[in-house]
1. Can you compute the charge dipole magnitude of the stretch 121-171 about its Cα centre, using +1 on each Lys and Arg Cβ and -1 on each Asp and Glu Cβ, nothing else charged? Give it in debye, rounded to the nearest 20.
2. Farthest toward the dipole's positive end in the stretch 60-171, which of Asn164, Ala96, Asn154, given Cβ charges of +1 (Lys, Arg) and -1 (Asp, Glu) about the Cα centre?
3. So what's the net charge close to Gly100: Lys and Arg +1, Asp and Glu -1, counting the other residues with Cβ under 13 Å from its Cβ?
4. Pop the C-beta distance of Lys135 and Ala52 into the FRET formula with R0 = 25 Å and round what comes out to the nearest 0.05.
5. What does the charge count around Thr83 come to, taking other residues whose C-beta lies under 12 Å from its C-beta (Lys +1, Arg +1, Asp -1, Glu -1)?
6. Give me the accessible area per residue for the stretch 60-171, probe 1.4 Å, as a whole number in Å².
7. Which whole-Hz ³J(HN,Hα) couplings does the stretch 87-103 yield from phi under the Karplus relation 6.51 cos²θ - 1.76 cosθ + 1.60, θ = phi - 60°, glycine and proline marked x?
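The values are calculated or read from the model by the stated rules, or taken from the named source; none is laboratory data. Source: prediction; values computed, not measured. Counting neighbours? That spans all protein chains shown, and the Cβs are built from the backbone with ideal geometry, glycine included. Side chains are part of the model used for accessible areas, which takes the heavy atoms of the whole protein and leaves out ligands, DNA and RNA. Shrake-Rupley method; radii C 1.70, N 1.55, O 1.52, S 1.80 Å.
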Amino acid sequence: MNRFSAAMTAIAAAALLTACASNDSKTAAPAAAAKTAAQGPVAPVGGHGHNAFMGSYDANRDGVVTREEYDTLRKQRFVAADTNKDGWLSEDEYVAEFEGRLKAQYAAAGKKPDQQYEGSIKQAHVRFHILDTNKDGKLSIEEEIDIANKTFKNADRNGDGVVNAADMAGQ
């Protein structure tokens, strides 16, 4: 088993454990999560803050992002971006995946690329270099998992294992 497969297995196991450990009101069953993840999030390209997180990861649009829902979308995006299937993302692959989601969002809104669009693409290049923590020009699955863990933890401000409106309290 290569590192990519092992890492994906670890993500799936973590998602399953999260689903089993949480009560039914906080997590969807695995089959339901897979079905709703296919629907996709409301706003496929986020930004910063709670609303952007929810728009990017609330696949079933229920106002709650479970860890399973989040990990499923992140995995789908990583796998889709790895167009040459070598187990890591080049800067071009990373930016192309982001740009595809951004184009879809613009098309759905009936908008044409503008200065904000161009700024978002430039930011994707900057973001790649931040995420590539060992600076080898490759975004590995380990680096992806590391940032996914940090991002979810930051969004889950009350530490209850899900991201929802309760995480906005006190802002």
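1. Details: 7 positive and 9 negative charges, 53 e Å.
The calculated dipole for the stretch 121-171 is roughly 260 debye.
2. Asn164
3. On the way: positive: Arg77, Arg101, Lys103; negative: Asp92, Glu93, Glu97, Glu99.
Result for the neighbourhood of Gly100: -1.
4. On the way: r = 27 Å, r/R0 = 1.07.
The calculated FRET efficiency here is 0.40.
5. On the way: positive: Lys85; negative: Asp82, Asp86, Asp92, Glu93, Glu97.
Net local charge, Thr83 excluded: -4.
6. Details: 6170 Å² over 112 residues.
That works out to 55 Å² for each residue.
7. x, 8, 10, 7, 4, 4, 5, 4, 5, 4, 5, 4, 5, x, 5, 5, 4
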